[in-house]
Each structure stands twice: as structure tokens, then as C-alpha cells.
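K.L.:
This structure is in C-alpha cells; I'll ask about it shortly.
The values are calculated or read from the model by the stated rules, or taken from the named source; none is laboratory data. The structure presented is a predicted model; accordingly, all values stated were derived computationally and were not measured. Quick reminder, even Gly has a Cβ in these numbers, built from the backbone with ideal geometry, and neighbours come from all protein chains shown.
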Amino acid sequence: MATTQWALDATHSEIHFKVKHMMISTVTGSFQKFAATAQTEGDDFTTAKINFTADVDSIDTNNEQRDGHLKTGDFFDAANHPQIIFEGTKMEKTGDDTFLLHGNLTMRGNTHPITLNVEHGGIMTDPYGFTRAGFNISGKISRKEYGVQFSVVSETGGVLLGDDVKLEINAEFIKA
């Protein structure tokens, strides 16, 4: 079967993360610059080899001061580790339109295996004749596993920042 190349349509995709603040609320952020490719056998995404990068310098939490702090060595250390990298190793079908995406995530020079939940929205041809495939991807990582150790304890003994980071990604690929 022929190999098919897919490129991420960044204008119709988004990457969000959520983390607990003071364990009583949630802060949401995103990356504004990112890229991804997928390679499949035909249009069969169970054969997908997916690679993804996000530019740490493009982090956006709707607060410039916080964004600046997140780029420092306390968090992402953008000067020494400018990209977050995901390299997919396996796409496992779990239902009609659901998958588990296995791969390795590298952040701050630390690489760990992760598994993400994937919901396939389908494949269709747009008005310009391009074939598109849509996905909703979610998962959770431990920020401390990746060397993001920043932690402050409040006056009442509460933790300022949660360890779990929820990932929410909407991805639309275009067949090359």
C-alpha cells in the first residue's frame, strides 16, 4: 500500500494545557507556534507515525508576566530547550473512532513515554479538493517528570502549582 504524508493545518488546530493553581482553580495556556506531520499507509491512521513540535517561546497564558516566567529555568527553560517534541511510536485502535496514541515526549531535555487518548473526527474533502482528517487528543503528564520542579508553598501550607498537566489538542491534518 502507498505511504501517505499528512501535514498539520495549524490554522485549524490548537494546543492547550491546564494546570491547577493553588489547588483551587485552573490556569489554561496554549502554544501559538507548533507543527506536526503524520505518515500513514493509505488513509489508515492505525499505521500512523506522528511527530509533533511546539515552540516553547510561543507559550500564551493571557498574562505576559507569567508567560515570561514560564520561559525561564524555573519552568520550560526556553533558552536551553526551545522545543517540546513528541515522537509517536504506535496508534492503537480502541473503538470505531477512538485510539490510544503511544509515543515519547521530550521537554527540558527529559524524555518519557506517554499515552494520549485520540478521537478521530473523520476524513473529508474540503471545497478546494484537499483531503483533511480531524482529531481530538487528550492526556495528562506530570510536570515534575520533565524537570519542571518549580514549587512554592502558600502561607497556609497549600501547594501553589499542581503536578498534573492536562493536555487538550485539536488537530486537523491535510493530505500532501
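K.L.:
Among Lys90, Lys71, which is the only one that is farther than 26 Å from Gln5 by Cβ and at pLDDT 95 or above?
P.N.:
Exactly one of Lys90, Lys71 is farther than 26 Å from Gln5 by Cβ and at pLDDT 95 or above, namely Lys71.
K.L.:
Right, another one. Please determine, by comparing only the residues of the stretch 6-57 that are surrounded by 15 or more Cβ atoms within 10 Å (Cβ to Cβ) and of a type in the set (Ser, Thr, Tyr), which one is farthest from His102 (Cα to Cα).
P.N.:
Result: Ser30.
K.L.:
Residues to consider are Phe86, Phe75; find the one that is in a strand (DSSP E or B) and either in contact with a Ser or Thr (Cβ under 7 Å, 6 or more places away or on another chain) or of a type outside the set (Ser, Thr, Tyr) (or both).
P.N.:
Result of the check over Phe86, Phe75: Phe86.
K.L.:
Related question: It is to be established whether one or more residues within the stretch 59-74 are in contact with a Phe, Trp or Tyr (Cβ under 9 Å, 6 or more places away or on another chain) and within 17 Å of Leu116 (Cβ to Cβ).
P.N.:
There is no residue in the stretch 59-74 that is in contact with a Phe, Trp or Tyr (Cβ under 9 Å, 6 or more places away or on another chain) and within 17 Å of Leu116 (Cβ to Cβ).
K.L.:
Another question, if that's okay. Could you give every pair whose Cβ atoms fall below 6 Å, whose first residue belongs to the stretch 108-122 and is small (Gly, Ala, Ser), and whose second residue is modelled with pLDDT of 95 or more, counting only separations of at least 6 or pairs across chains?
P.N.:
Once the first residue is small (Gly, Ala, Ser) and sits in the stretch 108-122, its partners that are modelled with pLDDT of 95 or more give Gly109/His81; Gly121/Gly134.
K.L.:
Determine, yes or no, whether Phe130 is aromatic (Phe, Trp, Tyr), modelled with pLDDT of 95 or more and touching a strand residue (DSSP E or B) at 6+ places or on another chain (Cβ under 9 Å).
P.N.:
When the stated conditions are applied, Phe130 passes them.
K.L.:
Sticking with this one: Could you check the stretch 113-128 and list, in sequence order, the residues that are exposed (fewer than 13 other Cβ atoms within 10 Å of the Cβ) and closer than 18 Å to Lys144 by Cα?
P.N.:
Passing the criteria: only Pro113.
K.L.:
Follow-up question, since we're still on this one. Counting just the residues of the stretch 4-25 that are polar (S, T, N, Q) and modelled with pLDDT of 95 or more, which one comes out nearest to the chain's Cα centre (by Cα)?
P.N.:
Filtering first and then ranking leaves Ser13.
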